[in-house]
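Notes for the one structure printed next.
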């Protein structure tokens, strides 16, 4: 391939030259999306490397996750599962994300999300959130009030496994 030239319009490296800034020092022009009323305008960072004029999956799933986590609930909840469906290439156009609870229970919440570009649904997502249990400690060990049940201690020394060829 010696002597081959790279078309700067098709080369993702050419499009991203100069975007390697440190985290926390980004300017407005280096963000992935810029808000414009209820719409978000994708910036060059939202473009994927494979096709010109198409958003990459990280930008899409990041906006969907943001919308799902921002959805209010009666009880404090956290996301336990997300599933994304992109039915086609997502164009670089005015973008909006809509999220709504399909099942809004006190313990479990199911959420449906639509990713809309130029008034057309181009991706969907579903998510499940569960209530944060106040009896769960910060280190992740569940402790029920008034219980004396504790897990068994781990041995200080684990015996070496013996393998035989039977």
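Candidates 47, 65: the one that is in contact with a strand residue (DSSP E or B) (Cβ under 8 Å, 6 or more places away or on another chain), at pLDDT below 95, crowded, with 16+ Cβ neighbours inside 10 Å and more than 17 Å from residue 121 (Cα to Cα) is 47.
In this structure, residue 96 does not satisfy being surrounded by fewer than 12 Cβ atoms within 10 Å (Cβ to Cβ) and in contact with a strand residue (DSSP E or B) (Cβ under 8 Å, 6 or more places away or on another chain).
The values are calculated or read from the model by the stated rules, or taken from the named source; none is laboratory data. If you're wondering where the values come from, they're calculated on a predicted model, not measured in any experiment. Methodologically, a virtual Cβ is constructed for each residue, glycine included, from the backbone with ideal geometry; neighbour enumeration extends over all protein chains shown.
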